[in-house]
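Everything on this sheet refers to the single structure shown next.
The values are calculated or read from the model by the stated rules, or taken from the named source; none is laboratory data. Computed from a prediction, not measured in an experiment: that's the story for all the values here. Note that each Cβ is placed from the backbone with ideal geometry, even for glycine, and that neighbours are counted across all protein chains shown.
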Amino acid sequence: MNLNNHGLNFKLLNNGGLQTLSHLLEHTNSKVRCAACTIICCILSCAYEKDDYWKQHPNYTQLSKDGVIFLLNYHCLQNGDNDLMKTEAAIMLSKLCQKQELDPKMRSDLVYQLKNGDIIDQHALVLLCGLALVESNISEIVQGSFIETLTKLLNSSNEQKKQRSLELLLLIASNGQTEIEHNVKNAINDSLIFLDLIGDSNIILYEMIMKLELKWNSNTEQLDSI
């Protein structure tokens, strides 16, 4: 099977192929389970490569209805045979479930897997941004002094990591409860920092930036001068 064939990947998505493959996740042989997880994640990744984390995934509804998301969650993320299987499932489920309300157990497992790699890279940050679009996911994301971790990443020499960290802080402050918003403001110690994202952001983030900056800065002359 050529997993780089986009036409084949779309056919598998649209004709119930993934639903059939997903039942191999219940196989008694661990090698079969791991291979099935990898193939499913590759097909989904190749069929939809965009990093539009601010949009709902186009296949979420169908794959949820078909039980594919449930099986990936239960057999790969929660009860995976090894760390690679759990990581693959976490990456794919985070993409599928961006901008979605999540089951508490699934949310906890997803966030844990994304945050607890050896090094938090920009790809994990993008996935966390997709989850941070929903208020109910924020409290899980910020656990373990993660706001402070993100503020340290703002000093990274990696510009992509720096930008994604700032975007995630913006989403946390905008969508989290008041106490969490205050924690972000106190941690970054720069009430105008989100203006750095203007020019690189889509309209949704741009509106968040302006709303938060106007809220945090009563000195409108300071904003007008920028």
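Scanning for something under 19 Å from the mean Cα position of the chain (by Cα), assigned to a loop (DSSP other than H, G, I, E, B) and either surrounded by 13 or more Cβ atoms within 10 Å (Cβ to Cβ) or small (Gly, Ala, Ser) (or both), does the range 184-198 turn up at least one residue?
no
List the pairs whose first member sits in the range 188-215 and is over 15 Å from LYS162 (Cα atoms), whose second member is of a type in the set (Asp, Glu), and whose Cβ atoms are under 7 Å apart, counting only residues at least 6 apart or on separate chains?
Pairs that qualify, where the first residue is over 15 Å from LYS162 (Cα atoms) and the partner is of a type in the set (Asp, Glu), are LEU192/GLU213; LEU205/GLU167.
Does the range 17-33 hold any residues that are buried (at least 17 other Cβ atoms within 10 Å of the Cβ) and in a loop (DSSP other than H, G, I, E, B), and which are they?
Hits for the range 17-33: nothing passes.
Would you check which residues across the range 63-88 are closer than 14 Å to ALA35 by Cα and of a type in the set (Gly, Ala, Ser) and list them?
GLY80
Go through (1) modelled with pLDDT under 95; (2) under 26 Å from THR28 (Cβ atoms) for HIS123 and report which single condition fails.
Tallying (1) modelled with pLDDT under 95; (2) under 26 Å from THR28 (Cβ atoms), HIS123 fails exactly one: (2).
Return only the number of the condition from (1) within 19 Å of the chain's Cα centre (by Cα); (2) buried (at least 20 other Cβ atoms within 10 Å of the Cβ); (3) free of Cβ contacts under 8 Å to residues at least 60 places away in the same chain that SER139 does not satisfy.
Checking SER139 against (1) within 19 Å of the chain's Cα centre (by Cα); (2) buried (at least 20 other Cβ atoms within 10 Å of the Cβ); (3) free of Cβ contacts under 8 Å to residues at least 60 places away in the same chain, the one that fails is (2).
Could you list all residues from the range 43-99 that are touching a Gly at 6+ places or on another chain (Cβ under 6 Å) and of a type in the set (Phe, Trp, Tyr)?
Answer for the range 43-99, where residues must be touching a Gly at 6+ places or on another chain (Cβ under 6 Å) and of a type in the set (Phe, Trp, Tyr): just TYR53.
Yes or no, residue by residue, for (1) modelled with pLDDT of 90 or more; (2) within 18 Å of SER136 (Cβ to Cβ):
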| site | (1), (2) |
| --- | --- |
| LYS50 | no, no |
| GLN56 | no, yes |
| GLY67 | yes, no |
| PHE70 | yes, no |
| ASN82 | yes, no |
| CYS97 | yes, yes |
| ASP109 | yes, yes |
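Would you mention how many residues in the range 135-176 are over 15 Å from ILE120 (Cβ atoms) and modelled with pLDDT under 95?
Qualifying residue count for the region: 1.
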